[in-house]
Amino acid sequence: MTRFTEMETAALRAIFAETPAIALALESQLGRAVVTERENSGGGFFTDIDVPDNVSSVDCPKTLGNATHARIEGLEHGLGFVLFMREGKLDMLEGFAWGVENTAPLDLSNLSFEIYHEPIQQID
């Protein structure tokens with residue numbers, strides 16, 4: 001089992017801040033969670049998360065993180081993030097490149113980044 005990278009932890013905490021009503025419960029899950037697999041897909045990354053069975057679940061949507069983004073050294077447009085939940089527990093963090101950028105050459109465990117919030121604009 002692997003630890004979370006600094007960027008993953010920062011992104012998760014920023015996503016938690018988007019949902020203040022359940023942020024403490026999500027933080028509690030993160031404190032007990034481990035990374036089971038991580039893949040740099042070239043268009044972003046997928047981090048699979050395992051939360052022990054004895055940790056309380058939360059009542060929440062299946063996806064969180066509409067407004068969390070990162071400026072990344074080496075990427076012109078940066079990353080967006082989505083946190084997938086399964087049965088009220090952290091399940092997978094996806095980081096996706098904005099635009100047509102290649103994340104394959106990046107060392108995801110050692111990046112210079114800045115997390116920020118910007119809501120995705122809806123087109124009517």
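The values are calculated or read from the model by the stated rules, or taken from the named source; none is laboratory data. None of the values given here were measured: they were computed from a predicted structure. Don't worry about glycine lacking a Cβ; one is built from the backbone with ideal geometry, like all the others, and counts go over all protein chains shown.
Which members of region 1-25 meet the condition of being of a type outside the set (Val, Ile, Thr), surrounded by 14 or more Cβ atoms within 10 Å (Cβ to Cβ) and outside any helix (DSSP H, G or I)? Correct list: 4 only.
For region 107-116, indicate whether the set of residues that are among the aromatic types (Phe, Trp, Tyr), buried (at least 16 other Cβ atoms within 10 Å of the Cβ) and under 16 Å from residue 3 (Cα atoms) is non-empty. Break it down into steps so the answer makes sense when it comes.
Within region 107-116, the subset among the aromatic types (Phe, Trp, Tyr) is 113, 116.
Okay, now just the ones that are also buried (at least 16 other Cβ atoms within 10 Å of the Cβ), so 113.
Cutting the leftovers down to under 16 Å from residue 3 (Cα atoms) gives us none.
No, region 107-116 has no match at all.
Criterion first (among the hydroxyl-bearing types (Ser, Thr, Tyr) and at pLDDT 95 or above) does residue 9 satisfy it?
On the way: among the hydroxyl-bearing types (Ser, Thr, Tyr): yes; at pLDDT 95 or above: yes.
When the stated conditions are applied, residue 9 passes them.
Name the residues in region 5-56 that are of a type in the set (Phe, Trp, Tyr) and touching a strand residue (DSSP E or B) at 6+ places or on another chain (Cβ under 6 Å), would you? Step through it out loud before you land on a result.
Going through region 5-56, the residues of a type in the set (Phe, Trp, Tyr) turn out to be 16, 45-46.
Those that are of a type in the set (Phe, Trp, Tyr) and touching a strand residue (DSSP E or B) at 6+ places or on another chain (Cβ under 6 Å): 45, 46.
The residues of region 70-106 that are loosely packed, with under 11 Cβ neighbours inside 10 Å, in contact (Cβ under 8 Å) with a residue 40 or more places away in the chain and touching a Leu at 6+ places or on another chain (Cβ under 9 Å) amount to a single one, 73.
Name the residue that is nearest to residue 97 (Cα to Cα), counting only residues in region 29-57 that are free of Cβ contacts under 8 Å to residues at least 60 places away in the same chain and crowded, with 19+ Cβ neighbours inside 10 Å. Per the criteria, the residue is 44.
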